[in-house]
Amino acid sequence: MKSAHGNSNVTELLARAQALHHDLRFENVRAWKERNGGLAVGYLPVYVPRELLWAMNVLPVGVVGGGDQVEIIRGDAYYQSYICHLPRSTIELGLNGALDVLDGVLFPATCDVIRNLSGMWMMQFPDKYVHYLDVPQDFDTGVGGAFYRHELLEIAGALEARGARPLTDAALRAAIAAYDANRREIEALYELRRREPWKVPTHELYLVLKAGLVLPVDEHTMMLEDYRRLVIRDDARRPLDQARMLITGSFCEQPPIGLIKTLERAGCYIVDDDLVAVHRWIRGDVASLAPGQPPLDALVEAFLRNGVPSAIRYIDQDKKGRDLVERVRASGAEGVVFCAASFCDPALLDQPMLVGALDAAGIPWTSFKYAENTGQFQVIREQAGTFADSIKLWSGA
Amino acid sequence: MSMANPTTSKRPPAEARKDESQERQKRMIGEHFHELARAPQTGRKCAYTFVPGNLTELLRSFDVLPVLPEINALQSGMRGKSRDYIALAEKLGHSEDVCTYVKCDVGMLRSGNVGPTGERLPNPDLLLLSYTGCFTFLKWFEILAQEYDCPVVMLHVPYQGDGKITDAMRKYVVDQLRSKVIPAFEKITGRAYDEDLLKEHLARSARAEDDLVWVLESAKHKPSPIDAYFGGVYYIGPIFSAFRGTEAAIGYYKELRAEVEERLREGRGPVIPDGELEHEKYRVVVEGPPNWTSFREFWKMFTDEGAVVVASTYTKVGGVYDFGFRHDPSRPLETLAEYCMGCYTNLNFPSRVDMLSRYVREYSADGFLINSVKSCNSFSAGQLMILREVEKRTGRPGGFVESDLVDPRYFSASNIKNRLESYFQMIAQRRGSDAGPTAGPTAGMTAGGAR
């Protein structure tokens, strides 16, 4: 039986998600632009308020590098060996024309590498819209909020000047509603995975989440709904004797899908993660955050109040690692896998603090690093397998 | 290339010929660390903070002493302590991939927090996280916040992503100063904010800044009376650390300027580790921080070739003053905000390329060199593009070497020396094949040297 949105089985749906994942020419984006006449604006990890773009009929397009599919020819001429892989493959995509379809790119304040890439992009692609989105590290509405609000209006003004629809409250409310629906559906999938991880293997979820980087939000929400409905019905998905793991540190440069599969084959159920983090960067609905106020205020409040604790967000009053421990408890994870990109300053500088919190809470952990184009997983498989076995054999359960 | 040193004088070694300003600076810094060491007894409050975006005048107006972990780390590097400190931090779980300043600081802290003068540094009464131009600062103070039982106050300084300071950016910083930073100082000191006192400090800053800029710009002359990178890091010492806004800084820069004026009158080259450079053979601009663990060895690789650094970007990390900015006492908080946002690593890439290109032209440089340090993504990410862009704009050759701030494992002396020698040979060959940079409108400034 076909679902309401046209996907008759998981295989078909995942094949579509996989095709989008492999399409580094962004043909889907090109087709959307031809159909809708809107602009398409890329964004680097981790977070941009996509609602703002969508309200202006601008398709937000997640740019997360070339993964393991792009041969780096010119990108290495831009970066030393001790810089992470994401920017060199992103430059490669820019130079080989793959990103020509984008009318601009937003570079959010994630780290110094992405920050510097914004200026490099300005010089390399002077005709494109380029903006460094400086998100506040002060979370008071009147201070950091005022600054952030101004940033968003600047972006809206610049996009309008390039032909986007003017930003209106009505359109922004509709966009916020669309992304709220998307967030709810993603949360439902994560909840299903926490409850029955065998129903939602993470290598599948990962593809479905990645599809959301290039699909219009409504279309992506339908894909998520279809996927959830289909896997719930799929009785062939049976529990295995796996250890429940939370993986963390992969919020920016994304691991190759082979690495996710390796962890699962090594005996891990991934029951929480920070993959493709833009989708879950805001917790809960945005629409309800500033009742009676302009919707832009709600978007600002969402960032200030409901942004997830992360390595790239200053923790003011809170204790480092508290959120991670809570997520371990909430997800029923039996251990934590620190899985960060090599040379990822935010994740790697954060790690000793998080380790301290886990140790204090008696939660076992292991760690390794990857690059988006890592191709050899044997060592990781052995390490993860040993870790999973040790949990199964010696945990108190 | 000869290992002899034909370009330096046979005068007595540097230790015997230190300029009076150097001695004065040494005394100033020594006294500062001694004051810090005695703080637990005297009751003076201390704030840990960073060089870029430092608010020294504000701290001084509350009679708070600054402690700068970057300075401690580089001092540890120069004193041969950083290797063990970094090893200790890595043993504690800090990644080999991340900033070695952070690891050096963590290792130093865990080893007793003994400063460069051999005295123990006080624990902070406040961690002032001036998040300016470097993401790692944020993580660094999160790490320190776990080590100390003291408040942390964040000053988020927005990046000049579009190459300019907007009203919204300025307001954001001023709002944080008013609503967060100043109240934090009031709380730890029990004093009320005294804007008049702050203005007095800011007025003194501007006087010292005038003299610093004069000194740095003296390198436009030929021969240059200073080395604006290796020597420059000494010149920026007081104003980038604890002394901006003090009479001591005014005195230091006045004296330094007088010394440089004298050198200029006499047509002398810069003070270098072996004495004095007599024959300026190459003039280069340098981008990136120095290596601290082999500082003198690195410097000597330049002086052995007769190379003088006439301008550098590293000497602008704690403030860019040579394009006109001065602390303005009539707008105390706004001027602090503009200072913070104007620090070098807070400038976007096109601005950095513009600055380097301008230095190459205005200082009549033969070329420019990038010392790309593994630790510092803020500086290093994208420097290969800077290399190409500045070459394209100026027509002068760029060189590229790699090292690290304070991790001696990443200083490969033979590799760096080979590259530098090849680089200077290339400049020499270019001179042979065309008129080269010695010709042109600035050649008239030459006041001696080997050309």
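The values are calculated or read from the model by the stated rules, or taken from the named source; none is laboratory data. Remember, predicted model here, so these are calculated numbers, not experimental data. Note: ideal-geometry Cβ built from the backbone for every residue, glycine included; neighbour counts use all protein chains shown. Just so you know, the surface numbers come from the protein's heavy atoms only, side chains and all, with ligands and any DNA or RNA stripped out. Shrake-Rupley method; radii C 1.70, N 1.55, O 1.52, S 1.80 Å.
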Self-check item: Nearest 10 degrees, 0 to 90: helix B:82-91 Cα axis against chain B principal axis
Solution: 50 degrees
Self-check item: Calculated FRET efficiency for the pair A:R233/A:D100, C-beta based, R₀ 45 Å, to 0.05
Solution: 0.65
Quiz item: How much accessible area is lost when chains B and A come together, counting both sides, with a 1.4 Å probe, in Å² rounded to the nearest 100?
Solution: 4400 Å²
Practice problem: Just the number, please: carbon plus sulfur as a percent of the accessible area of region A:27-170, 1.4 Å probe, no ligands or DNA/RNA counted. | Solution: 48 percent
Quiz item: List for region B:161-203: residues with 40 Å² or greater reduction in accessible area, all protein chains versus chain alone, probe 1.4 Å?
Solution: B:D162, B:A168, B:Y172, B:K180
Practice problem: Return the average number of partner chain Cβ atoms within 10 angstrom of each residue Cβ along peptide A:342-355. | Solution: 6
Quiz item: Tell me, how many Å apart are the Cα centres for region B:116-148 and for region A:12-52?
Solution: 42 Å
Self-check item: Inter-label distance for A:Q317 and B:Q429, nm, one decimal - labels placed 7 Å from Cα along Cα-to-Cβ
Solution: 6.5 nm
Quiz item: Can you list residues whose amide H is under 5 Å from A:L39's amide H, if they're 5+ apart or on another chain and H is modeled 1.01 Å from N?
Solution: A:L59
Self-check item: Amide hydrogen neighbours beyond the local backbone of B:G399, cut-off 5 Å, H modeled
Solution: B:F368, B:L369, B:I370
Quiz item: Can you list the equivalent-ellipsoid semi-axes of region B:170-276, largest first and in whole Å, using the square root of 5 times each Cα gyration tensor eigenvalue?
Solution: 36, 13, 12
Practice problem: Could you tell me the distance between the Cα centroids of region B:26-67 and region A:149-185, to the nearest Å? | Solution: 47 Å
Quiz item: Between A:N36 and B:C150, what is the FRET efficiency for a Förster distance of 56 Å, r being their Cβ-Cβ separation, to the nearest 0.05?
Solution: 0.55
Practice problem: Sticking with the crude label model, points 7 Å out along Cα→Cβ, report the distance from B:E20 to B:V114 in nm, one decimal please. | Solution: 3.5 nm
Quiz prompt | Whole-Å distance, taken between Cα centres, linking region B:369-435 and region A:263-288 | solution = 43 Å
Quiz item: How large is ³J(HN,Hα) for each residue in region B:109-124, as worked out from phi by the Karplus curve 6.51 cos²θ - 1.76 cosθ + 1.60 (θ = phi - 60°), to whole Hz, x for Gly and Pro?
Solution: 4, 6, 9, x, 6, 8, x, x, 8, x, 9, 6, 7, x, 5, x
Quiz item: How far, in degrees from 0 to 90, does helix B:247-265 lean away from the longest principal axis of the Cα atoms of chain B, to the nearest 10?
Solution: 0 degrees
Exercise. Using +1 at the Cβ of each Lys and Arg and -1 at the Cβ of each Asp and Glu in chain B, identify which of B:T42, B:I143, B:N418 lies farthest towards the dipole's positive end.
Key: B:N418
Quiz item: With the calculation restricted to Cα positions, what are the radius of gyration and Dmax of region A:244-397 in angstrom?
Solution: 16.9, 55
Practice problem: Read phi for every residue in region A:165-175 and hand back ³J(HN,Hα) as whole Hz from Karplus 6.51 cos²θ - 1.76 cosθ + 1.60, θ = phi - 60°, with x for Gly and Pro. | Solution: 5, x, 6, 10, 4, 4, 5, 5, 4, 5, 5
Exercise. Find the accessible area per residue for chain B; the probe is 1.4 Å, ligands and nucleic acids are left out, and the unit is Å².
Key: 34 Å²
Practice problem: Jot down the per residue volume, in cubic angstrom and as a whole number, of the convex hull over the alpha-carbon atoms of region A:27-170. | Solution: 114 Å³
Quiz item: Hey, can you rank B:46-57, A:35-46 by average C-beta count inside 10 Å, highest first?
Solution: B:46-57, A:35-46
Quiz item: So if we plug the beta-carbon distance of A:V379 and B:A87 into 1/(1 + (r/R0)^6) with R0 = 22 Å, what FRET efficiency do we get, rounded to 0.05?
Solution: 0.35
Quiz item: Rounded to a whole number, what is D in µm²/s for region B:89-246 from Stokes-Einstein with the Kirkwood radius over alpha-carbon pairs (37 °C, 0.692 mPa s)?
Solution: 174 µm²/s
Practice problem: Pop out a list of residues from region A:136-178 that are at least 40 Å² less accessible with all the protein chains around than in their chain alone; 1.4 Å probe, no ligands or nucleic acids counted. | Solution: A:Q137, A:D138, A:V143, A:F147
Quiz item: Can you give the Kirkwood hydrodynamic radius for the protein assembly as shown, in Å, rounded to one decimal and based on Cα pairs?
Solution: 28.4 Å
Quiz item: Each residue of region B:158-172 in turn: what ³J(HN,Hα) in whole Hz from Karplus with 6.51, -1.76, 1.60 and θ = phi - 60°, glycine and Pro shown as x?
Solution: x, 7, 7, x, 9, x, 8, 9, 9, 4, 5, 5, 4, 4, 4
